[in-house]
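Nothing in this text is a laboratory measurement; each read-out follows from the coordinates by a stated rule. Predicted, not measured: the structure shown is a model, and the values here were computed from it. When we count neighbours, we look across all protein chains shown, and the Cβ atoms used for this are built from the backbone with ideal geometry, even at glycine.
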Amino acid sequence: MTEIRITRCFLVIAISTILTAACSTLTDVDAPDVLQPERFDNPAGALTLRAGAITRFTEAMANPTLEYGQVGGSGLMSDEFTSTFLNRLSDRRSITTGVSEYPDQALHIARVALRAAIPAMQKYVPTPSSRMAELFGLLAFTELFFGENMCSGIPLSDIIEGTPVYGEQLTKTQLLERAIGDFDSAIVYAADSARILNMARVGRARALLNLGRFSDVTAGVAAVPTSFVYSTQHSASVQQNGLFVAQYSSRTLSVANNEGVNGLNFRTANDPRVPTQLQGIGNDGVTQAFAFTRYNSATSPIPFVSGLEARLMQAEVELRLNPANNQTTGTGWLGILNMLRGTAITPALAPLEDPGTPESRVNLLFRERAFWLFGTGHRHGDLRRLVTQYGRGVETVFPTGPYRAGLFYGTSVVFVPNDREQNNPNFNGCLDVNP
Amino acid sequence: MITRFLVLLAIAATASAQQPSGEYASTERGPRFLLATTRETVTLDVSRTPALRRRVSIDATRQPLKDVLDQIARQADLSLSFSPDVVNLETVVTLEAKNLTVAAALTEVLMDLHVDVVLSPGGQLSIVRQPPPPVVGTVSGRVTDAVTGQPIGGAQISVAGLTLTVTASDAGLYTIAGVPSGSHRLTARRLGYAAQSRNVTVGDGATATLDFALAPVPTALSEVVTTATGPQRRRELGNVIERIQVDSLVVDAPITRLTDILSARVAGVQIAQNTGFSGESPRVLIRGISSMTLSREPLLYIDGVRVDNSTGAIFHPTFGFLSYGHAPGRFNDINPDDIESIDIVKGPSAATLYGTDAANGVILVTTKRGRSGAPKWTMYTEAGVLSPAVGFPDNYYSWGRNTTTGATQRCLLLQAAANTCRIDSLTTFSPLHDDETTIFGRGLRSQLGAQVSGGVERFQYFVSAEGERERSYLEMPAAEVERVSTERGGATIPDEQLHPNAASKLRFQGNVNRSFANGDVALSSSFVKSYTRIPRGNEFAAASLGSGYRDAFDGWDATTGRPGETFALLSAEHATHYTNSVKITWRPITWLSTRGTVGFDYSGMLYDGLQRRGEGGGATRSTGRRLSMRSESSVATVDVGASASVGLSSAISSRTSIGAQYNRLLESITAANATGLPPGSETVTGAATVVASEFTNESVVAGAYTEQTFGLKDRVFVTGAVRADGGSTFGRNFNTAVYPKASLSWVISDERFQSRLPWISSLRFRTAFGAAGVQPRSIDALARVTPITSFADGTLTNGAVRTAIGNPDLKPERTREWEAGLDVELFGKRVRLEATHYDKLSTDALVNRPLPSSVGILNRLENLGSVSNRGWEGLLNAVIFESPLLSWDMTLNGSVNRNRLKSINADAIFVTSPAGAFRVGYPIFSRWDPPIRSFADANGNGIIERNEVVVGDTAEFIGESTPPKQLTVATGLSFFRDQVRISSQFDYRGGFVGMDFTELNRCNSRGTCRGVNDPSAPLLEQARAVVANGTVRNWSGYMVDATFVRWREFAIAYRAPTAIARRLRTNSFSLTLSGRNLRLWSDYTSPDPEINDSAGALAAEGLGGNPTAPQTRYWILRAAFGF
């Protein structure tokens, strides 16, 4: 009897031991797809995070799966592009709470990736410092875009040691000032790269322009050569130019023409700065789709920062501060515009004449900006500035009146955050949805 | 720790129950303590008998037994009588002990003397001689199917009046040792068969042979079912397990795949058909949807081995070669003709012992086994024609003139209302309805198979081979063939473009059984090679978005292209799938059965996407695309267990089971995605761009369980069980998932009071409670940075971005379920009724908690919610009329399920589609949008405009996306002793709302629907189009009641009598003509309420009906021969 009991006890202990030991190791698995964040705590990891952040920024600028990104999205809300989807509410200025149609999600993803890459680069690959400067500059641009295109009250959150830290709501002014701060950092670190330095200078000036600090603009961009260009980078296999895909492949995006009464005649002006080509019937089966042929390849770069813009900003400042200097040549506002028309494109465009009235001068300046900067994500901000800085009525600058298929343009002038932002306890809706 | 405790518990329970309370106890060395009553002598409970618990202290070294007995009696103050005729009192014994009980002292000194101690009612103890050991023999034999002769493994054979019960091996063999000599009545039971009792006479030390041939009958209480712990009588289970006998079904119904067997045959089991493409793998849903993010597929076991049956797991996210709703999967790889039976374990109350992953139920497939005897051949062949079960709506085009310029233009209703144009005329056209342009042709199906089985008494085999080909109804129209051929310089168009949807399978199955004296070994092996070709699906979008007249594109959508373009985009899957298992059953002693199964399931898939350069595309021809994706999936299974069945007394039986299971799933995908192919190239080599990707997913569940069942008088059974699991996918702060189970089964009809109702053949009440789980993906708990290919500084380089913050507290979803029901058989089993109520609650539901956009990471998977599924299931089976010449039977099975999101334990705001929203208190994936309150043509222009429609301010519940109601009516007429059988089945699903994306896009993307073109269109059609395109998008008008009734099956089967079969030089012959998906009744506005455009995407359950292939109508002629 005792023998049997001992045998039972032994059996129980043996099986229990085997099972317990086994269960702790049997369930171990490999997860080769999963890279833990600690793996990137080294120079190679820092460079990898930097490249990933640049990719995310590029995707946010021009990703066909994210409402065309910053460039396409802002172009739809303005008069640059029109959609061949009737349901594209941003094209109809019918943005409402709950329907964002702006790649704010993608911009946040890019911003957080940039925020993670910067300290890694600072720690492991501090030189050349222009790499950090570029990350600071791109980070600043994400903040600039939030301020330029979205309603006031966008929060900027972070991930600290794996935990989300929800940001407070920032006004449009605060967002732009934060952008200026990061552009300043970029300028400090960009000493060893004129390209990055100029990118930061132009970006900083753009933020200042949005803030209406005209007197501060000129000094920052004076040294930027007109030929300077900083573009998004695209390849055929990854980071494809979303504007190319939307215009040429899916034909869901078309260059607009006189959109909504107020829109400029981008197509029919036959201006070489906005070359277009008919692609056929658009995705809706009805609308003719015209492509902006500067983006005729998946690898076409988007020059969203340039010396052209620097000159245009200088011209705008001149017009505001010294409108009487209307010489067709020289450093006055009209002289700068004509300098660009004569030297920045071949063959040269005919010089402009002063239209005479303050309002028509502003119209001329903004038309020049619209054509020079077409498809680079500037036009929506310009329309907002026409309202806030030049006293124009919303319905005199934004597309308005009948849309297509019996529909009408709405009243939206800004994008609103994605609904999921409501999960931020610090977010209580837009502070201001006016321009 | 918990695992160790469970094992201890299980072993202890087994050990305590290992001594059977038989009539004889010849193996015991000590005396038995018995109580003499006026009628009989019974065993005493020593611990409760004061006289035997008195204490004595004895110090006797080598003293005569008599002296020691006297000392014990004296010290205990007992009257102890003994006689030298009974025991040799001079026997020398030694006993040195203090404070020993009388019972222990007597046991020690009477050891091996073959005597018992009897206590009389008056308190007198007597030492009596033990009765002589009984004379016993052995009964062995074989249990077979009376109709097919197939062995019936798992049958239980019991001896009347004794507690001797054994289970037949997979070869149907059984042996019962220790049967007292004399005449006995043995009974054999197995689920799906009528119990059979037969007499046998057992000689002294001899082996008697007794075979059983069980007749198949509908499920009855007396039969045996296979559970996680091994074979068990159904009457002992507190939960319902449904069984489908497949043998006869493949003759009497149009069965082409496993899901056809399951469709509408078991209450509470729904088959989501997805699309009508050949080669499709539909999904199986049991008792509603419990999870918001994880798979809701039940586990699939084939011959004890877990098989990967996930659908949509192989979807390649970047290439998009797969069609709307197309879900690849391996569920239908098994050959229905090789299946003997299918057991369906519906929910956690029954599936507890299958543990984590089993919350959605378990489907147990048992393949056919060989039988002893000469080789028996079965050959079958079938041929069928395929056609679309439903049509598509016409497209509309309203012709008009610009009111300002007079130019001809399309003039939609709202433009006419705004007076920008004036409608002149209206045309309608669909390329699917014109003989010259349609892609709806006539598909073909063929099948040829052979099976052979045979063997000797201890060795049997079953081998089958089958080839199957199916070409769906999709085909390129003749005019299009000519056009495309001309465009390609007269080249012959490949068949895969002429017939873009086809499927073929080559299947082999081999099963071998080897029996030994106390056990058997079963080997099962299956091999399937399949090829499935499915078009991308845009052909249906092109048809539904076409112009509305026969234009230069033949009425197809110009952007998407004509069939010559859409069919040029090929998507094929080459799969190799094998499942092997070894199952060993060993019964070392009569009351103990042990088993072990080791198996491996492997699937290897090659996804083959190709669009050649210059073929396909829209206005400009494609530069060529190529996807080459290799995917492997394997599941390793180890399952060991033991069950001890003993009688604790004449009234109480015990069944103790322990077991452990181990499952490891490994998936890996490697893909190369190329664009810009060189002319003539069909590979990624030399392509302008190639993007490669790799994915790996590995998960493990290891667990152990113990189960204890007590039976009272074979009428009341109480079961308790617990299972503990460890899993690889759990967060680091969560270790073990523990799932309890309890059940009660009461066979009321066996109670005496029930005999007053003789028309009730059997009546049982059952109730069960249990829990199980579903685990997340292996990487969900981890914080992770995802590597990507970046383009920076002008070069392709390594990049990485953080994509998840991880969740160390992640644990499996846990579903607990309570069910209760009645099983009734009336009028000699002519009427059978089952009714079950279940209440299922999933807690710790895994939800992708949306993070604020500003965080830069989309979601975090958390155990946040709880989902309830509560409902009723019923089955009514009746033989309405029965005679040798004609019998008529009818089966109704139905279910009603109430799905509710009970809670989300977070303050998260979920951003979900209106077509599949989560709202507390409502079904998950339900339809929500502000409803259309009213509409009226206020200005009398015959056109509904935006300001003439009143829409609610806030989103309201419009309906659920999954049918909560299901009813199947199946009936059959049998003539001339079952020689001819006519059967039919109607399938109703109701109470759900479809999301008609087809019509939504027709109206609002391309303006091809009636509601935006035709001034005479019903105002509702106009109104819903207007609000869908309004300032705020609103889909409510396209959320349409999708209730339907489908004439699912019809068959005429002829089984030739033996004489005719002989004339054909066969032993048996049958001929069946059958049809599937024959007619649809529904008010749903899209073509088919059964299609689901997002079948492969878990989080988009029931999202809706984008245009894709409607269900297929089959007409099949099948002949089967037996030799």
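At-a-glance table
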read-out	value
Among A:341-352, B:552-563, A:187-198, the order from most to least packed when residues are scored by Cβ within 10 Å on average	B:552-563, A:187-198, A:341-352
Using a Förster distance of 35 Å, the FRET efficiency for B:ILE880-B:ALA160 (Cβ separation, nearest 0.05)	0.50
Segment B:LEU892-B:LEU826, length gained on full extension (0.36 nm per residue, minus Cα span)	22.2 nm
Per-residue Cβ neighbour rank within 10 angstrom, fewest leading, B:CYS1003, B:CYS411	B:CYS411, B:CYS1003
Cβ-placed point charges (K, R +1; D, E -1), dipole of the protein assembly as shown about Cα centre in debye, nearest 20	2000
Ascending count of other beta-carbon atoms within 10 Å, so fewest first, for B:PHE791, B:PHE976, A:PHE183, B:PHE986	B:PHE976, B:PHE986, B:PHE791, A:PHE183
Sum of side-chain charges, B:LEU386 neighbourhood, beta-carbon under 12 Å (Lys, Arg +1; Asp, Glu -1)	+4
For peptides B:268-277, B:390-399, A:124-133, sequence by mean Cβ density within 10 Å, most packed first	B:268-277, B:390-399, A:124-133
Förster radius 41 Å - calculated FRET efficiency between B:ASP1083 and A:SER215 (Cβ-Cβ, nearest 0.05)	0.05
Magnitude of the charge dipole, the stretch A:124-181, Cβ model with Lys/Arg +1 and Asp/Glu -1, debye to 20	120
Set of lysines near B:LYS529 by C-alpha distance (under 26 Å), chain-local residues within fewer than 8 positions excluded	B:LYS368, B:LYS376, B:LYS505, B:LYS583
D_trans [Stokes-Einstein, Kirkwood Rh over alpha-carbon pairs] for the stretch A:242-295, 37 °C, 0.692 mPa s, µm² s⁻¹	293
Pairwise FRET efficiency - A:GLU161 versus A:ASN428, Cβ, R0 = 30 Å, nearest 0.05	0.65
Per-residue average of Cβ from other chains inside 10 Å of A:233-241	6
Kyte-Doolittle mean at least 0.5, axial Cα span of 20 Å or more - DSSP H helices of chain B	B:2-16
Theoretical gain in end-to-end length, B:ASP211 to B:ARG630 [0.36 nm per residue, Cα-Cα removed]	145.7 nm
Test item: B:844-852 mean partner chain Cβ contacts at 10 Å	4
Mean Cβ neighbour count within 10 Å, used as a protection proxy, ranking B:293-301, B:107-115 highest first	B:293-301, B:107-115
10 Å beta-carbon shell around A:THR218, net charge (K/R +1, D/E -1)	-3
Volume in Å³ per residue [convex hull over Cα atoms, computed for chain A]	187
Rg/Rg_ref, the protein assembly as shown, where Rg_ref = 2.2 N^0.38 Å and atoms are Cα	1.10
Reachable aspartates and glutamates, given that their alpha-carbon falls under 18 Å from the alpha-carbon of B:LYS66 and they are not under 8 places away in the same chain	B:ASP77, B:ASP85, B:GLU90, B:GLU96, B:GLU108, B:ASP112, B:ASP116
Helix A:130-149 vs. chain A, principal-axis angle (Cα, 0 to 90°, nearest 10)	70
Within-11-Å neighbourhood charge of B:VAL747 [Cβ basis; K, R +1; D, E -1]	+2
Label point 7 Å beyond Cα of B:VAL452 along Cβ direction - residues of the stretch B:353-380 with amide nitrogen under 18 Å	B:368-380
Anchor B:LYS713: lysines whose Cα lies under 25 Å away (excluding residues fewer than 8 positions away in-chain)	B:LYS741, B:LYS829
Number of partner chain Cβ atoms within 10 Å, mean per residue of B:994-1007	2
Furthest towards positive pole of dipole, B:GLY921, B:GLY355, B:VAL484, structure part chain B, Cβ charges	B:GLY355
Cβ-based exposure ranking for B:ASP725, B:ASP260, in which fewest neighbours within 10 Å come first	B:ASP260, B:ASP725
Euclidean distance between Cα centres, the stretch B:680-713 to the stretch B:432-489, Å	29
GNM flexibility winner over chain A from A:GLY330, A:GLY72, A:GLY381 (Cα, springs under 10 Å)	A:GLY330
